[in-house]
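Since the structure comes first, as structure tokens, the remarks are kept for the end.
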Amino acid sequence: MYAPEEIFSIYSTFPNLLEAEEIVHHLIKEKLIACANLIPAIKSIYVWEGKIEESAEVLGFFKTSGLYVEAVQKRIEELHSYEVPSILVIPILGGSEPYLDWIRNSL
């Protein structure tokens, strides 16, 4: 489904920094992502079970190749504490070639 040589960023939110860091460490050790950026303080407002909810969350961006996108998504779903975790796959259309090569070579 995803071209193996293409680079993707996977967006996901977490209830706290500890859970986000634990998942990042799993994914890096499993060589499914090259790196992640965690933004520790975001506020999410959303509808859940018919009510408007607000939560403090941590935002994560995971860098990987098309070869591992589905595996990353599956592992986040397995390790995440949310019933329905937010997981969005964002194609990277360009960027610094040395950085993109570093991502590919880190997996």
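Among (1) in contact with a helix residue (DSSP H, G or I) (Cβ under 6 Å, 6 or more places away or on another chain); (2) modelled with pLDDT under 95, where does Ala36 come up short?
Of the numbered conditions (1) in contact with a helix residue (DSSP H, G or I) (Cβ under 6 Å, 6 or more places away or on another chain); (2) modelled with pLDDT under 95, the odd one out for Ala36 is (2).
Looking at Asn16 and the list (1) in contact (Cβ under 8 Å) with a residue 60 or more places away in the chain; (2) in contact with a strand residue (DSSP E or B) (Cβ under 7 Å, 6 or more places away or on another chain); (3) loosely packed, with under 15 Cβ neighbours inside 10 Å, which single condition is not satisfied?
(1)
For residues that are β-branched (Val, Ile, Thr) and not in a helix (DSSP H, G or I), scanning just the range 64-107, find the one that is surrounded by the fewest Cβ atoms within 10 Å (Cβ to Cβ).
Among those that are β-branched (Val, Ile, Thr) and not in a helix (DSSP H, G or I), it is Val84.
Please verify whether Ile28 is out of contact with any strand residue (DSSP E or B) (no Cβ under 7 Å at 6 or more places or on another chain), under 22 Å from Pro98 (Cβ atoms) and either crowded, with 16+ Cβ neighbours inside 10 Å or without any contact (Cβ under 8 Å) to a residue 12 or more places away in the chain (or both), treating the condition exactly as stated. Give the derivation first.
Values: out of contact with any strand residue (DSSP E or B) (no Cβ under 7 Å at 6 or more places or on another chain): yes; under 22 Å from Pro98 (Cβ atoms): yes; either crowded, with 16+ Cβ neighbours inside 10 Å or without any contact (Cβ under 8 Å) to a residue 12 or more places away in the chain (or both): yes.
Yes; evaluated as a whole, the condition is true for this residue.
The values are calculated or read from the model by the stated rules, or taken from the named source; none is laboratory data. Quantities reported herein were computed from a predicted structural model and do not represent experimental measurements. So basically every Cβ, Gly included, is an ideal-geometry build from the backbone, and we count neighbours across all protein chains shown.
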